[in-house]
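Step one of this worksheet: look at the structure below.
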Amino acid sequence: MKYKIALFLLILFVLNSCQNENDKRLAENKKEAKRKEVIFNNINKGWSFIDEPINEVSEQNETLWKEWREFLKELDGKPKKTIGAFQKKSAAIAKKAMALNNNIPSQFNQPQIKSRISILITKVKMMDLFIHLDKIPDEKVTFLIGEINKELVSLQRQMDKIVQKSKIPQEEGESDFLRMLDTARAIPNTIVDPNLPKVE
């Protein structure tokens, strides 16, 4: 009889502990769902890119430079419903940003533009990395969106500067003077071996 009572109490204890585990798990799931909802709302509020050209030069580039046009087009539109949609959009933006290094118009194929493009790519990749983490740091993602917008403005202003500089007419003899200042032209192309006899 004692064994039956002990067995009964043991079964009752096991069932009670299982019930407590289920309650804990349900409470944790609710907390996690609430946390994800807060992250989604924060990213949703901050997801706003400058997807339109800010000056005439950038607008002209949109028609001439395919990669620039596709990048701006990818920035347009806001994902809806889930954090997974934001992750897919972020990956697509990163892919289009990487393509900006390809086929840069010759007028803009300069170090100033290339450095701004690489900074832009770095920030887009960082945003993509953060948004794909298990615990998404939403404040970092929204901060990087603002930084990406700043880099977009900087890049477009630099394009405008280059175009404005190219419109300034050169003075007579200025191109010759600039060529004389070029240090690469002053260095001889051939290396003279000191062991060879000189021919006069």
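The values are calculated or read from the model by the stated rules, or taken from the named source; none is laboratory data. Just so it is clear, the structure is predicted and the values come from calculations on it, not from any experiment. Positions of Cβ are generated from backbone atoms using ideal geometry, with glycine treated the same way; all protein chains shown enter the neighbour counts. We work out accessible area using only protein heavy atoms, side chains counted, and drop any ligands, DNA or RNA first. Shrake-Rupley method; radii C 1.70, N 1.55, O 1.52, S 1.80 Å.
Annotation: of all residues in region 57-99 being at pLDDT below 80 and charged (D, E, K, R), the one that is least open to solvent (accessible area, probe 1.4 Å) is GLU62. Inspect region 94-104 for any residue being free of Cβ contacts under 8 Å to residues at least 12 places away in the same chain and among the hydrophobic types (A, V, I, L, M, F, W, C) and give the result as yes or no. Within region 94-104, none of the residues are free of Cβ contacts under 8 Å to residues at least 12 places away in the same chain and among the hydrophobic types (A, V, I, L, M, F, W, C). Scanning region 143-165 for residues that are of a type in the set (S, T, N, Q) and crowded, with 19+ Cβ neighbours inside 10 Å returns a single hit, GLN156.
Of ILE162, ILE148, ILE121, all but one fail to be among the hydrophobic types (A, V, I, L, M, F, W, C) and modelled with pLDDT under 85; the exception is ILE162. In the set LYS45, LYS34, only one residue is in contact with a helix residue (DSSP H, G or I) (Cβ under 9 Å, 6 or more places away or on another chain), open to solvent by 90 Å² or more (accessible area, probe 1.4 Å) and over 18 Å from ARG157 (Cβ atoms); that residue is LYS45. Please determine whether any residue of region 108-121 is under 26 Å from ILE83 (Cβ atoms) and either within 12 Å of the chain's Cα centre (by Cα) or surrounded by fewer than 18 Cβ atoms within 10 Å (Cβ to Cβ) (or both). Scanning region 108-121 turns up at least one residue that is under 26 Å from ILE83 (Cβ atoms) and either within 12 Å of the chain's Cα centre (by Cα) or surrounded by fewer than 18 Cβ atoms within 10 Å (Cβ to Cβ) (or both).
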